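What follows is one structure encoded as structure tokens, with my remarks underneath.
The values are calculated or read from the model by the stated rules, or taken from the named source; none is laboratory data. Values in this document were obtained by computation on a predicted structure and should not be read as measured data. Cβ: placed from backbone, ideal geometry, glycine included. Neighbour counts: every protein chain shown. In case anyone asks, the SASA skips ligands and DNA or RNA and just uses the protein heavy atoms, side chains included. Shrake-Rupley method; radii C 1.70, N 1.55, O 1.52, S 1.80 Å.
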Amino acid sequence: MADQYPTTHSEGPAGGWSSLKSIARIYGESWPTPAAIDTLRRQNKPGGFMCVSCAWPKPVNYHPFEFCENGAKATLWDLTNSRCTPDFWAEHTVEELRGWKDHDLEMTGRLTHPLRYDAGTDRYVEVTWDEAFQHIGAALKRLEKESVVFYSSGHAGLEASYLYALLARAYGNNNLPQSSNMCHETTSVGLNKVIGSPVGTIVWEDLEKADAFFFFGQNPGSNSPRFLHPLQEAKKRGAKIVTFNPIIEQGLVSFVNPQDPIAMLTGHETKISDQYLQVKAGGDIAAILGLCKRVIEADDHAQEAGTDRVIDCDFIAEHTTGLEKFAAVVRDVRWSDIERESGLPEAALRQAADTYIEAKNVIGVYGMGLTQHAQGALNVAMVVNLLLLRGNIGRKGAGCCPVRGHSNVQGQRTVGIAEKTKLIPMDKLKTLFDFDPPTKDGTTIVDAVKGLMEGRIKGFICLGGNLLRAVPDQKEMECVWAAQDLTVMISTKLNRSHLFPGKEAFILPCLSRTEFDQQATGRQAVTTEDSFSHISGSLGKRTPASPHLKSELAIVAGIAKAALDPNPKIRWDDWTGDYGLVRDLIEFTYPKDFKDYNQRLFQPGGFYRGNSAHDRVWNTEEKKAVFTTPDRLNALSFKDEPGRFRLITIRSNDQFNTTIYGYSDRFRGIEGTRDVVLMCEDDVADAGLQPGQTVTLVSDFGDGKRRELGGLVVTLHDLPPGTIAAYYPECNVLNAIDHHDELSKTPASKGIPVRIRG
Ligand SMILES: Nc1nc2c(c(=O)[nH]1)N[C@H]1C(S)=C(S)[C@@H](COP(=O)(O)OP(=O)(O)OC[C@H]3O[C@@H](n4cnc5c(=O)[nH]c(N)nc54)[C@H](O)[C@@H]3O)O[C@H]1N2
Ligand SMILES: Nc1nc2c(c(=O)[nH]1)N[C@H]1C(S)=C(S)[C@@H](COP(=O)(O)OP(=O)(O)OC[C@H]3O[C@@H](n4cnc5c(=O)[nH]c(N)nc54)[C@H](O)[C@@H]3O)O[C@H]1N2
Ligand SMILES: [Mo]
């Protein structure tokens with residue numbers, strides 16, 4: 001019977017031939033010349049360009065093709081033959097385009113000309129760069145300084161990002177939220193709180209020395225596929241992998257390396273996870289408590305028996321604080337409570353804990369499955385608790401590995417894109433540029449959206465991204481976004497955020513990192529920082545998609561010149577002509593991180609800017625690594641009730657965030673549609689539904705606002721009862737802007753309370 005139902009199946013191991021087929025589909029669709037392959041060959045290599053997709057590091061000993069399915073798609077997507085020219089707007093009004101799907105908007109191709117919105121005809125029309133800058137400058141001068149937000153998605157390189165942050169501060173505010181406010185802000189705040197470092201602590205060599213990897217809510221097969229290579233190597237030398245994830249993700253089950261000809265011919269797959277624990281959405285606090293309970297119990301037994309201790313007593317005494325209080329709670333908590341809250345049996349947790357104990361060096365990996373919860377920071381602190389017990393931070397082969405999203409999302413924060421003033425060396429800015437930087441903290445994304453809703457925010461500049469589609473309360477956002485005085489989108493492709501223009505609205509098309517960037521002093525390189533804090537130069541070689549494009553840096557400089565009063569210390573033209581001068585400024589501002597920056601641009605694998613926790617220096621308030629005592633057993637902001645589900649919003653491997661490449665989520669066996677809600681068989685039956693039935697999800701956040709998403713086909717999937725899943729960004733109409741991590745304000749996109757209407 002079951003096979004008559006719409007149900008999902010996995011299409012074999014991650015990677016392999018289907019990965020190449022999937023790349024070939026994009027390749028065939030959008031870039032039919034062999035030169036594209038040459039571009040891929042240079043991806044992530046010294047002297048080549050750094051991937052436009054995710055922030056996974058670039059190894060020193062790279063593969064002949066150092067890219068993955070995901071990165072290849074992102075590159076080819078940028079290199080498309082299609083163009084969204086001014087002619088396109090002759091045929092379509094903005095109103096009409098609002099009915100288009102994300103995929104179809106992006107398929108119009110690369111944006112070619114600067115555009116201004118014309119309300120009379122409801123179309124974008126061509127403008128010159130000069131006109132665009134003058135209008136934007138004049139509007140910024142008219143607006144109150146606090147009412148403008150300077151958003152950036154993690155695409156732009158370090159040089160443009162540094163100048164963008166300078167633009168905001170010279171203009172007069174610190175309103176510099178970034179995509180990480182919806183992503184790893186939980187790490188920037190939560191990890192920093194407990195180990196004094198806002199970023200992961202491991203480097204490439206640690207991957208090669210780890211004996212076990214514990215994965216919590218990160219999906220390397222889809223989102224950082226090059227991670228599968230070191231994992232495969234790790235498995236070959238006998239390392240163990242334990243995974244906590246409500247969904248069985250194919251990339252965490254098995255992998256065929258598409259760059260290994262023998263594996264490709266023999267179909268030899270590497271089994272990835274030794275143990276896969278389908279934790280309930282939001283159940284990781286209880287699950288990790290279970291692991292810690294077993295570790296403490298084993299240590300108590302060792303003490304009684306007089307054998308070797310299980311916890312690392314020397315490390316704990318010298319480097320940590322708070323163990324006693326934490327251990328007391330761990331001893332007290334009942335297995336029955338842990339089982340109920342995590343959805344995992346005691347025996348399975350004990351087995352996982354034994355793997356943890358047996359491994360000398362352990363890396364804790366995590367992603368959005370931990371960060372995007374109401375108690376995301378506590379989730380992160382729990383991973384750190386587990387690692388600290390056996391000294392697994394700041395030692396070779398061990399550490400904490402949050403896997404970042406956009407290619408330069410981490411680096412943008414490093415060079416000043418931050419709303420929190422305490423993170424910025426304002427004195428250095430004052431010395432360098434002779435102005436008084438604003439002292440008030442700026443807005444997070446959540447605060448910016450609330451500011452829009454309350455009418456306080458009146459102008460938005462977006463350096464990349466598709467903010468309207470990425471944030472909660474999307475329907476309301478569409479109205480309040482369009483009510484602004486000024487919207488400026490610096491973009492490569494058309495997206496939904498362009499379709500709700502403010503009173504004055506501009507789309508400014510920029511170069512992609514794959515493209516040749518020619519300026520007054522010659523060809524320019526840009527730099528990015530990866531998840532392991534390594535910085536690499538990137539040189540684009542392709543002919544730009546249109547002769548009218550400008551680099552992101554040049555666009556930022558153009559806006560700044562028009563919006564700010566002249567200042568002899570702020571030399572926008574010189575900097576635009578020579579990005580090396582901007583790198584000098586960055587080195588002056590952050591001397592420890594960027595020593596000899598211009599000389600080390602093309603160091604293989606990138607140059608390391610260091611990490612205090614990696615060296616066991618703890619920049620926390622306590623000057624120690626902190627054990628956090630949890631005050632609750634799950635990461636949700638609501639209780640279970642009959643008929644209420646925990647909705648996970650998921651990404652397919654055929655999308656990069658709001659960019660939808662196609663409708664094939666082949667790892668999960670979902671083809672041809674994204675309009676599905678994945679549920680387990682018991683939940684479907686208990687809710688009185690039928691597989692294949694079309695349903696509406698209704699938010700159960702309880703603030704009285706109506707939030708619904710209809711047209712979703714009930715599809716059977718292997719999930720823990722009570723946990724259901726549907727795609728991001730479509731589901732963002734269901735989440736509330738007030739539903740976010742308590743500490744960092746990262747929207748809680750992985751545990752949205754919903755009901756189902758048949
Ligand atoms: N192909 C592709 N690559 C990408 C992106 C993309 O959209 N597409 N996006 C990029 C960006 S910006 C980012 S931030 C990263 C995101 O990469 P990831 O951090 O991997 O993010 P997600 O895929 O959203 O979620 C990760 C996993 O969390 C699991 N999960 C959900 N809820 C829970 C929970 O409560 N507990 C646990 N243990 N697991 C849970 C989900 O089943 C999913 O497998 O990827 C980057 N790379
Ligand atoms: N429900 C739910 N919501 C989520 C998430 C989730 O898991 N669930 N994930 C969150 C996460 S992790 C993130 S990071 C955000 C993503 O949020 P954003 O970063 O705002 O969104 P993207 O989809 O990455 O932005 C895509 C657009 O960026 C532009 N672009 C692409 N390349 C470039 C470039 O090189 N330069 C410039 N200037 N523009 C470029 C293109 O115009 C493209 O349309 O969404 C968040 N929202
Ligand atoms: Mo992200």
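Observations
- Contact order normalised by residue count of region 487-607, Cα under 8 Å, 6+ apart, percent: 24 percent
- Lys-Lys pairs in region 406-465 that are eight or more residues apart or on separate chains and whose Cα atoms lie under 21 Å of each other come to 12.
- Note on K745: aspartates and glutamates with a C-alpha under 12 Å away, same-chain residues under 8 apart excluded, are E185, D447.
- Within the shell of other residues whose beta carbon sits under 15 angstrom from the beta carbon of W575, the net charge comes to -3, with Lys and Arg scored +1 and Asp and Glu -1.
- Label-point separation in nm, D314 to D682, each point 7 Å along Cα→Cβ: 4.7 nm
- Think of each Lys and Arg Cβ as +1 and each Asp and Glu Cβ as -1; about the Cα centre, that makes the dipole of the chain roughly 1100 debye.
- Calculated accessible area for the chain comes out at 35 Å² per residue, all protein chains present (probe 1.4 Å; ligands, DNA, RNA ignored).
- Gain in span if fully extended, N567 to N619, counting 0.36 nm per residue against the direct Cα distance: 15.1 nm
- Candidate aspartates and glutamates for bridging to K624, where Cα separation is under 18 Å - those fewer than 8 sequence places away on the same chain excluded: D312, D314, E318, E324, D615
- Pairwise FRET efficiency - S546 versus D434, Cβ, R0 = 30 Å, nearest 0.05: 0.20
- Listed peptides 664-677, 422-435 appear in the order 664-677, 422-435 once ranked by packing, highest mean of other Cβ atoms within 10 Å at the front.
- Relative contact order (%) - criterion: Cα under 8 Å, at least six apart; region: the chain: 23 percent
- Reach of K240 by Cα under 17 Å, taken over lysines that are not fewer than 8 positions away in the same chain: K209, K271, K360, K396
- Just the protein heavy atoms count here, and of the accessible area of the chain at 1.4 Å, carbon and sulfur take up 52 percent.
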